[in-house]
1. Restrict the check to region 143-156 and report whether at least one residue is at pLDDT 95 or above, within 16 Å of ligand 2 (Cβ to nearest atom), in a loop (DSSP other than H, G, I, E, B) and touching a helix residue (DSSP H, G or I) at 6+ places or on another chain (Cβ under 9 Å).
2. In the list 170, 145, which residue meets the criterion of being surrounded by fewer than 16 Cβ atoms within 10 Å (Cβ to Cβ), without any contact (Cβ under 8 Å) to a residue 60 or more places away in the chain and farther than 20 Å from residue 72 by Cα?
3. Does at least one position in region 351-360 carry a residue that is within 16 Å of ligand 1 (Cβ to nearest atom), under 25 Å from residue 313 (Cα atoms), touching a residue at least 40 places away in the same chain (Cβ under 8 Å) and not β-branched (Val, Ile, Thr)?
4. Which residues, taken from region 279-304, are of a type outside the set (Ser, Thr, Tyr), touching a helix residue (DSSP H, G or I) at 6+ places or on another chain (Cβ under 8 Å) and either within 14 Å of ligand 1 (Cβ to nearest atom) or within 12 Å of residue 343 (Cα to Cα) (or both)?
5. Kindly indicate whether residue 329 is away from ligand 1 (no atom under 14 Å from the Cβ) and over 29 Å from residue 70 (Cα atoms).
6. Could you list, in sequence order, all residues of region 394-421 that are within 18 Å of residue 75 (Cβ to Cβ), crowded, with 21+ Cβ neighbours inside 10 Å and within 16 Å of ligand 1 (Cβ to nearest atom)?
7. Would you please name the residue that is nearest to ligand 2 (Cβ to nearest atom), looking only at residues in region 200-254 that are assigned to a helix (DSSP H, G or I) and of a type in the set (S, T, N, Q)?
8. Can you tell me which residue among 426, 442 is hydrophobic (A, V, I, L, M, F, W, C), surrounded by fewer than 24 Cβ atoms within 10 Å (Cβ to Cβ) and in contact with a strand residue (DSSP E or B) (Cβ under 8 Å, 6 or more places away or on another chain)?
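The values are calculated or read from the model by the stated rules, or taken from the named source; none is laboratory data. Just so we're clear, the structure is a prediction, and the values are computed from it rather than from any experiment. Here the Cβ positions follow ideal geometry from the backbone for every residue, glycine too, while neighbour counts run over all protein chains shown.
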Amino acid sequence: MSSIMSREELRALPQVQQPSYPDPAALESAIDTMEKLPPLVFAGECDDLRQKLADVADGRAFLLQGGDCAESFEAVTADNIKAKLLVQLSMAVVMTYAAQVPVVKVGRIAGQYAKPRSNGNETRDGVTYPSYRGDAINGFDFSEASRVHDPQRLVRMYNASAATLNLVRAFVKGGFADLRGVHTWNRDFVGNSSVETEYEELASEIDRALAFMVACGVDDRALSTIDFYASHEALLLEYERALTRVDSRSQKLYGVSGHMLWIGERTRQLDGAHVELLRRVQNPLGIKLGPTTSPADALALADRLDPDRIPGRITFITRMGASKVRDVLPAIVEAVEASGRKVAWVCDPMHGNTFESTNGYKTRAFADVVEEVHGFFDVHDALGTWPGGVHVELTGDDVTECVGGVHQLSEEDLGSRYETVCDPRLNRNQSLELAFMVAARLRA
Ligand code: PEP
Ligand code: MN
């Protein structure tokens, strides 16, 4: 039987990237509240996802993990949640149908409210305040009051996550995700790009195939609901610790803030608090690996977080950058495979490809995103390993945050709908375009 790490135990561990709260008593009070709250996700669901990720590691399924870089409280609306879900369902259907591979669907959703930051301060016109660190920590507005780190925001994050998950569950189990509605998922957008025309054609084919199956007497319940899981970076240690629970069936510990939790590139120190906290829970874990990762680092992380080699436990999310992936990924994959471990290999083609446009926007080029995914597939093809999935920052809206893609967004276009509170996301068209590209590689 495991016990939950105490506040003191957590605080004795080396911590990076944590908020600094001016009022310690307010933090304790927020933690008192969170420790009593019901779980957002359940142990059995986490186990189901772990099993699906074991299929990914085995080369029998593909992971689509996507969503905002950072969610915001303001964006917790039915329309927003629906749009995010629809774009991911559309991408998944493209991949499933075009490549005939089961797609495991996981959102960066219902908990992705905090951002790691390399620089703690922001200066505008000679005025300096603490950086915005995500709605879980402080406010986006550039003012002294808004930028104070406030622990009550952790409770708000829980509530925003609960509201989001509630709607997601209703959507995916209540008929909204019925495959026979595949045509309607994109109805509002049809026809404004070649990708959408391609999507429409595919949707028509799917309709015909489904009608055929139903006519043949195939049980149609399987078509009407899907499994969709929630994931986020387990960045905020006090929140994640307070939302750890003992599963009454197995007596084991689970992080109950999301099904899959991942450790970021900046917080994966072997002896740090993030690794120690997540080592103790049973959830499937993601681990981001950037371009400076050595094969020994990856092996050490896997050994520490998964000594028993539980199938589906470890997903390595590599984010090397388009120009580096072909050079740095092979040695890491080879070393892990040589150890006899089976992990899921997933490509994050976003975080290694960020740059500042000449007009001052943090952006990414769609071409670089595609190039990193190609590099990822090429490396795995050459090694005979399975390219298990993609992890992308995207939104269902027609934002202008990444340049390129089917509409050939230019740097001048970035200003028209630049809405992210953190990193630039693929818009709906760019996301669909990526899905077709991935499907083509999976089919090849
Ligand atoms: C992220 O996923 O938003 C992120 C910050 O990634 P990384 O830890 O890989 O830099
Ligand atoms: Mn990001």
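1. no
2. Being surrounded by fewer than 16 Cβ atoms within 10 Å (Cβ to Cβ), without any contact (Cβ under 8 Å) to a residue 60 or more places away in the chain and farther than 20 Å from residue 72 by Cα holds for just one of 170, 145, which is 170.
3. Yes, the conditions are met somewhere in region 351-360.
4. Selection gives 284, 285, 287, 289, 291, 298, 299, 301, 302.
5. no
6. 394, 395, 401
7. Ranking the qualifying residues of region 200-254, first place goes to 224.
8. 442
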